[in-house]
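Novice: Structure in structure tokens, see below.
The values are calculated or read from the model by the stated rules, or taken from the named source; none is laboratory data. Here the structure is a predicted model, which is why all the values come from computation and not from measurement. Cβ coordinates were reconstructed from backbone atoms using ideal geometry, including for glycine residues, and neighbour counts include every protein chain displayed.
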Amino acid sequence: MHIYLPIAEMPANVLLFLGMGAAVGFLSGLFGVGGGFLLTPLLIFSGIPTPVAVGTAAAQIVASSVSGAIAQYRRNNVDIKMGIVLLAGGVVGSVIGVQMVRILRLAGQFDLFVALAYVTFLGAIGTLMMIEAARTIQRTRLDQKSLLARRSGQHNWIHKLPLKMRFQRSKLYISAVPPLAIGAGVFLVIEAER
């Protein structure tokens, strides 16, 4: 059963998209990964133009994020102060991202940059997951969890960053720099994808 998608200017199989949505929803719920992380490449591989795929995934992300945030807020699991810090970083990242996109489009290197950034991002996540899995396997095999555990007074470089803030709901006392950087980085990537 085909329908015509006026924005993408192409016919598409409804059953394919229903199956794709069900699979992405299932994987998102099972593993906690973002739907747009999976949905955007699937839409592109199914022939949807890249700008339409990114916009569609962004709309799906907004809907699932709002419903998830409401459910977690009802359970008292939302740290509003942390969200505000992430939002501030996101605004900065959006402004930088818009300017970067403008410069890259003028230079004619936008598509190359997006492709390289996407591969680098996915490669970094895959590598970090592989390292974490290897560490977990090593700890399990050696059964030295108590030896590898960090002592209470031991800190790494991230604890020495400035702009310390106390996040009551998260029970954290950390620098605001990492949440700001994460927020800026996420929105920078989102703006680059547009």
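Novice: Restricting to region 115-145, count the residues that are under 22 Å from the mean Cα position of the chain (by Cα), more than 25 Å from Pro178 (Cβ to Cβ) and of a type in the set (Val, Ile, Thr).
Specialist: 0
To keep it simple, each residue is scored yes or no on (1) at positive phi; (2) surrounded by fewer than 11 Cβ atoms within 10 Å (Cβ to Cβ).
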{"site": "Tyr4", "(1), (2)": "no, yes"}
{"site": "Gly25", "(1), (2)": "no, no"}
{"site": "Ile48", "(1), (2)": "no, no"}
{"site": "Asn76", "(1), (2)": "yes, yes"}
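Novice: Ok, one more. Starting from residues that are surrounded by 13 or more Cβ atoms within 10 Å (Cβ to Cβ) and among the small types (Gly, Ala, Ser), keep the ones in region 78-130 and report whichever is farthest from Lys164 (Cα to Cα).
Specialist: Restricting to residues being surrounded by 13 or more Cβ atoms within 10 Å (Cβ to Cβ) and among the small types (Gly, Ala, Ser), the top hit is Ala117.
Here is a yes/no grid of residues against (1) outside the structural domain of Leu172 (by TED's automatic domain parsing); (2) under 29 Å from Ala176 (Cβ atoms):
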{"site": "Ser28", "(1), (2)": "yes, yes"}
{"site": "Leu38", "(1), (2)": "yes, no"}
{"site": "Phe45", "(1), (2)": "yes, no"}
{"site": "Pro49", "(1), (2)": "yes, no"}
{"site": "Ile61", "(1), (2)": "yes, yes"}
{"site": "Gly68", "(1), (2)": "yes, yes"}
{"site": "Ala71", "(1), (2)": "yes, yes"}
{"site": "Gly93", "(1), (2)": "no, yes"}
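Novice: Which of the residues spanning region 77-94 are within 18 Å of the chain's Cα centre (by Cα) and of a type in the set (Val, Ile, Thr)?
Specialist: Those that are within 18 Å of the chain's Cα centre (by Cα) and of a type in the set (Val, Ile, Thr): Val78, Ile84, Val85, Val91, Val92.
Novice: Any residue in region 132-148 that is in contact with a helix residue (DSSP H, G or I) (Cβ under 7 Å, 6 or more places away or on another chain), modelled with pLDDT under 75 and loosely packed, with under 10 Cβ neighbours inside 10 Å?
Specialist: yes
Novice: Could you check region 19-52 and list, in sequence order, the residues that are within 18 Å of Ala63 (Cα to Cα), modelled with pLDDT of 75 or more and of a type in the set (A, V, I, L, M, F, W, C)?
Specialist: Met20, Ala22, Ala23, Val24, Phe26, Leu27, Leu38, Leu39, Leu43, Val52
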